[in-house]
């Protein structure tokens, strides 16, 4: 039962977190014509720099894997955000 609860918690956090990975960004110059290209480029770069950890069981992470999986997702999102910032984008408010 504890593993099922942990799995549900991880799934909810994952969905919430991944939906925020491609959040709204606007270029500082106001020209967002390259936003889609830059976002894909940063996403690919983030996957290289900070790949996300896949659990041994695709349906549920073991207790020893949960923190590894979460940390890898946060590192991946941070690499994506840093790339977008370097390209001149800020998160839209």
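The values are calculated or read from the model by the stated rules, or taken from the named source; none is laboratory data. Just so you know, these numbers come straight off a predicted model, no measurement behind them. Cβ sites come from the backbone with ideal geometry, for glycine too, and all protein chains shown count toward neighbours.
A few comments on the model shown:
- Segment 76-93 residues that are within 17 Å of residue 31 (Cα to Cα), paired with ones that are in a loop (DSSP other than H, G, I, E, B) (beta carbon under 7 Å, 6 or more apart): 88/28; 88/29; 90/28; 91/23; 91/24; 92/24
- Number of residues in segment 45-67 that are surrounded by 14 or more Cβ atoms within 10 Å (Cβ to Cβ), modelled with pLDDT under 95 and in a helix (DSSP H, G or I) equals 2.
- Residue match in segment 7-26 (condition: part of a helix (DSSP H, G or I), at pLDDT 95 or above and on the phi < 0 side of the Ramachandran plot): no
- Some residue of segment 27-44 being assigned to a loop (DSSP other than H, G, I, E, B) and in contact (Cβ under 8 Å) with a residue 60 or more places away in the chain: yes
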